[in-house]
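Throughout, read-outs are computed from the coordinates displayed, never taken from laboratory work. For clarity, every value in this text was computed on a predicted model and none was experimentally measured. Because the Cβ atoms are built from the backbone with ideal geometry, glycine has one as well, and the counts that use them run over all protein chains shown.
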Amino acid sequence: MQINIQARNFSLTEALRKHAERRLHFALTCCDNHIQRVVMRLSDINGPRGGEDKRCHLQVVLAGLPDVVIEDIETDLYVAIDRASDRAGRTVVRKTRRQQTLLRHGEAPEAPTADEQLPD
């Protein structure tokens, strides 16, 4: 799993980077074979003014499925990372299980293209 962590409007500390990587690995390891890459964008919306403005935007790129995009805004960036990672993990598990169930029952996850359809 390739992880890309980006910080916007502040400098990313090593402690924050390690925390984010640890949380992502913990939340997403069970579906590692379905995940191509994860992009985490951390930002401080209001800058030094404070408030509930620390944003964690996650994009999980899955093989053969639509991307999972999660965003969480909190006063504490560590909490935003924790919540977004947990939600992303639950969503990825749900989507991959749904796809596996469809494939197991012989249902196509998508409609066949015009090339794949048989002529009448």
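Summary of values
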{"item": "Whichever residue in region 53-75 is free of Cβ contacts under 8 Å to residues at least 24 places away in the same chain and touching a helix residue (DSSP H, G or I) at 6+ places or on another chain (Cβ under 6 Å) and, among such residues, is nearest to Leu103 (Cα to Cα)", "result": "Ile70"}
{"item": "Sole residue being over 12 Å from the mean Cα position of the chain (by Cα) and either buried (at least 20 other Cβ atoms within 10 Å of the Cβ) or in a helix (DSSP H, G or I) (or both), chosen from Ala27, Ala80", "result": "Ala80"}
{"item": "Positions within region 3-22 being out of contact with any Asp or Glu (no Cβ under 9 Å at 6 or more places or on another chain) and either in a helix (DSSP H, G or I) or at positive phi (or both), in sequence order", "result": "Glu14, Ala15, Leu16, Arg17, Lys18, Ala20, Glu21, Arg22"}
